[in-house]
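Contents: one structure, followed by commentary.
Read the figures in this text as sums done on the coordinates, not as results from a lab. Because the structure is predicted, anything quoted here is derived from the model rather than measured. Neighbour counts are summed over all protein chains in view; Cβ atoms, including those assigned to glycine, are modelled from backbone coordinates with ideal geometry.
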Amino acid sequence: MKQTKLYPCGTHIHTTIGQIEGIITAACVRFSSVSYEIAYFYDGEQRTVWMNEAEFLTSRKMVVVGFKI
């Protein structure tokens with residue numbers, strides 16, 4: 001079984017457009033695609049958005065997830 005590399009929840013990110021700071025709160029793996037739920041504050045309100053890796057930057061390293069069979 002193929003193992004997948006993901007950024008772990010709690011990772012701080014900066015968006016590539018708008019330079020919004022946020023935190024990864026969830027990851028969704030679908031076939032070969034990974035989406036991350038990002039929580040951030042805008043105008044004093046907490047908001048969330050789903051993004052792919054091309055839409056944000058982080059200095060944190062990815063970790064391997066998956067099951068060995």
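With charges only on Cβ, +1 for K and R and -1 for D and E, what is the dipole size of the chain about its Cα centre, in debye, rounded to 20? Walk me through the numbers on the way to the answer.
Details: 7 positive and 6 negative charges, 113 e Å.
That gives a dipole near 540 debye.
Under 5 Å between amide hydrogens, built in the peptide plane, is the criterion, and for M62 it picks out nothing among residues at least 5 positions away or on other chains. Sites listed here are chymotrypsin sites (Phe, Trp or Tyr not before Pro) in segment 1-63 whose DSSP assignment is loop and whose Cβ has at most 13 other Cβ atoms within 10 Å: F31. For the chain, the relative contact order works out to 38 percent when only alpha carbon pairs closer than 8 Å and six or more residues apart are counted. Trypsin sites (Lys or Arg not before Pro) within the chain: which are DSSP loop residues with at most 10 other Cβ atoms inside 10 Å? Here the trypsin sites (Lys or Arg not before Pro) that fit, given the DSSP loop and packing criteria, are K2, K61, K68.
Per the Debye formula on identical point scatterers at the alpha carbon atoms of the chain, with no solvent, log10 I(q)/I(0) at q = 0.13, 0.21, 0.23 Å⁻¹ is -0.38, -0.86, -1.00.
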